[in-house]
Amino acid sequence: MKTSNIKLVAIALFALMTSAQIHAQISKAEIIATGLTCSMCSNAINKQLKAMTEVDSVGTDLNTNTFTVYFKKDNAVQPKVLKTAVEKAGFFVGSMVLTMPFDNLKIEDNVVVKKGEASFVFIDSKNQVLSAETRVKVLDKGFVTQKEYKKLMKSYSKYPSYATENEDDYHVKTF
């Protein structure tokens, strides 16, 4: 009797731990917005980001037009939602760096990692194990400046998925 209860508890704990890992998403996003000319511009972006239910808080650096977005635990936000919020305010994303938790994940060049609905494709990556919060830069169109994207298209032509511009695939590079 006790053995079956212990097994049930162990199975429940395992299911709970694995589901949290699957749903664990972005803990922080650093967004550099382009096109801002005044503090009213940053207020518009700030308002859009703070209106998101997944957002815990937003920090703003007016000198660099950087918005640091902190998320609530176990959120399921995708980078495209952040991009849309900035664009809804009338501006563009010039750079997006995400901080994401990983638990002993072995990555190598062109490996795909599913996190919720999103697929993260690691490009220009060395073989490594990610076992903590890791910063990754999103390199897709709309997440970097147009000038940078043109350069990246030439550099990353060896990755067939890069040119497809699937909105649920994010090409990222670790720091």
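Take the solvent-accessible surface of the protein heavy atoms, probe 1.4 Å, and return the percent of it on the chain that carbon and sulfur atoms account for.
The C+S portion of the solvent-accessible surface of the chain is 56 percent.
How many Å² of accessible area per residue for the chain, probe 1.4 Å?
Accessible surface, normalised per residue, equals 59 Å².
Between the DSSP loop rule and a limit of at most 14 other Cβ atoms within 10 Å, which GluC sites (Glu not before Pro) in the range 58-124 are left?
Here the GluC sites (Glu not before Pro) that fit, given the DSSP loop and packing criteria, are 108, 117.
Based on the Cβ-Cβ distance of residue 119 and residue 151, what FRET efficiency does E = 1/(1 + (r/R0)^6) give at R0 = 25 Å, to the nearest 0.05? Numbers along the way, then the final one.
Numbers: r = 23 Å, r/R0 = 0.93.
E(calc), rounded to 0.05, equals 0.60.
Enumerate the lysines that residue 158 could reach by cross-link, defined here as Cα to Cα under 25 Å, with residues fewer than 8 away along the same chain left out.
80, 106, 114, 115, 126, 137, 141, 147, 150, 173
List the residues whose amide H sits under 5 Å from the amide H of residue 34, counting only those 5 or more places along or on another chain, with H placed 1.01 Å from N in the peptide plane.
Long-range HN contacts for residue 34: 92, 93, 94.
In debye, nearest 20: dipole of the chain around its Cα centre with unit charges on the Cβ of K, R (+) and D, E (-)? Each step should come with its number before you reach the end.
Values: 23 positive and 18 negative charges, 23 e Å.
Rounded to the nearest 20 debye, it is 120 debye.
From the phi angles alone, apply the Karplus equation (6.51, -1.76, 1.60; θ = phi - 60°) to the range 124-141 and give each ³J(HN,Hα) in whole Hz, x where the residue is Gly or Pro.
Result, ordered by residue: 6, 10, 7, 4, 7, 10, 9, 10, 7, 5, 10, 8, 10, 9, 7, 10, 7, 4 Hz.
So what's the projected area for the range 107-175, the Cα convex hull averaged over all directions, in nm²?
Details: hull surface 18.6 nm².
Approximately 4.6 nm², given one-decimal rounding.
Kindly give the semi-axes, whole Å and largest first, of the ellipsoid equivalent to the chain, taking each as the square root of 5 times a Cα gyration tensor eigenvalue.
Rounded to whole Å, the semi-axes are 32, 22, 12.
Please list 156-162, 92-98, 34-40 highest first by mean number of surrounding beta-carbon atoms within 10 Å per residue.
Working: 156-162: 14.3, 92-98: 21.0, 34-40: 11.3.
Answer by packing, highest mean first, reads 92-98, 156-162, 34-40.
The values are calculated or read from the model by the stated rules, or taken from the named source; none is laboratory data. What you are looking at is a predicted structure, and each value in this text was computed from that prediction instead of being measured. Glycine gets a Cβ as well: all are built from the backbone with ideal geometry, and neighbour counts include every protein chain shown. Just the protein is used for accessible areas: all its heavy atoms, side chains included, with ligands, DNA and RNA removed. Shrake-Rupley method; radii C 1.70, N 1.55, O 1.52, S 1.80 Å.
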